[in-house]
1. In the neighborhood of residue 183, defined by Cβ-to-Cβ distances under 10 Å, what is the net charge if each Lys or Arg adds +1 and each Asp or Glu adds -1?
2. Non-local amide H neighbours of residue 220 (under 5 Å, H modeled in plane, Pro and chain starts lacking H): which ones?
3. Zone of residue 133 (label point 7 Å along Cα→Cβ, backbone N under 19 Å): which residues in the range 167-211?
4. Most exposed first by the Cβ proxy, i.e. fewest other Cβ within 10 Å, how do 130, 152 rank?
5. Under the Karplus relation 6.51 cos²θ - 1.76 cosθ + 1.60, θ = phi - 60°, what is the ordered set of whole-Hz ³J(HN,Hα) values for the range 168-177, x standing for Gly and Pro?
6. How would 77, 200, 171, 224 line up from fewest to most surrounding beta-carbon atoms within 10 angstrom?
7. Loop-only check: which GluC sites (Glu not before Pro) in the range 92-170 are DSSP coil with at most 15 other Cβ within 10 angstrom?
8. Explain nothing, just compute: Karplus ³J(HN,Hα) = 6.51 cos²θ - 1.76 cosθ + 1.60, θ = phi - 60°, for every residue of the range 135-145 in order, whole Hz, x for Gly and Pro.
Amino acid sequence: MGAEALKPNRIAEAEQSPPADRPFFMSSSKPLAPHARLAAACLLEGLVESGLEAVAFAAQPAPTPAQAPLPAADLETRIAACRACALGSSRQYPVPGEGSGRAQLFFVGEAPGAEEDRQGRPFVGPAGQLLDKIIEGGMGLARQDVFIANILKCRPPANRDPLPTEVAACTPFLEEQIAALQPKLLIALGRHAAHHLLQTEASLSSLRGVLHNRPQGGPKVLVTYHPAYLLRNPAAKRACWEDIQLGMQFLGLPTPQR
Ligand code: SF4
């Protein structure tokens, strides 16, 4: 399944009639209908029974409250209730992520900022507006065709960098989203997302420009600059666009002539 699956008309068809083999999945802006929650619960219970969840979490640290044995489809509920790190007490709203349950492309950012914290939605501030331009103006997709989430689901105070303990506590949620969605490509926005997804400490510049395999398998990973960095360093937009075009080629999307 490639670019065809990302076209809006295909997405609309799919969301009217969710297939049994793909998750009809979470969005922080729209509550799931009961039938959709039931479908997601069945799918995720199937993953657990088949042992795939154990594979997906094989590289994760010791169990945290984020992995508590609550119903798998209630991910948003578990994130809202999570106090596995101190950010759960300082946030306004958790930001679980949003997008299409059939997305082949999953953007992974760092953590919610101030506007995201106010709205409970990912990438809705100035950096989010630039990401929208990349998705819509650059890639020719609609924002609702992709999935967008962060490695942290709660905002760090004053937008400081995530602490290693916070990343360890929170990333089981992200891994659960990746395992359920099974996208074709993950695009890591910035070094924190890249370091988690690839389990490396290498510099972002050294990770750009190629498609990576994750140590535990699963979707390919493309690394590029975080939109917030691009706002501060507009000269890096050209390199980001080169990365995005590499991802478009991998997904079978037509590359615009510029
Ligand atoms: S940042 Fe993640 S681990 Fe920490 S409280 Fe929020 S949801 Fe839980």
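Read-outs: derived from the displayed coordinates by stated rules, not from any lab. All figures in this text were calculated on a predicted structure; none of them were measured in a lab. All Cβ positions, even for glycine, are placed from backbone atoms using ideal geometry, and neighbour counts span all protein chains on display.
1. On the way: positive: 102, 184, 220; negative: none.
Charge balance near residue 183 sits at +3.
2. Placed amide hydrogens put 186 under 5 Å from residue 220.
3. Only 189-190 fall inside the zone, counting backbone N under 19 Å.
4. On the way: 130 18, 152 27.
Least to most surrounded, the residues fall as 130, 152.
5. Each residue's phi maps through the Karplus curve to give 5, 6, 9, 5, x, 5, 4, 5, 5, 5 Hz.
6. Working: 77 12, 200 15, 171 24, 224 28.
The most exposed by this proxy come first: 77, 200, 171, 224.
7. Working: sites: 98, 110, 115, 116, 136, 166; in loops: 110.
Of the GluC sites (Glu not before Pro), not one in the loops of the range 92-170 has a Cβ with at most 15 other Cβ atoms within 10 Å.
8. 5, 8, x, x, 8, x, 10, 9, 4, 6, 7
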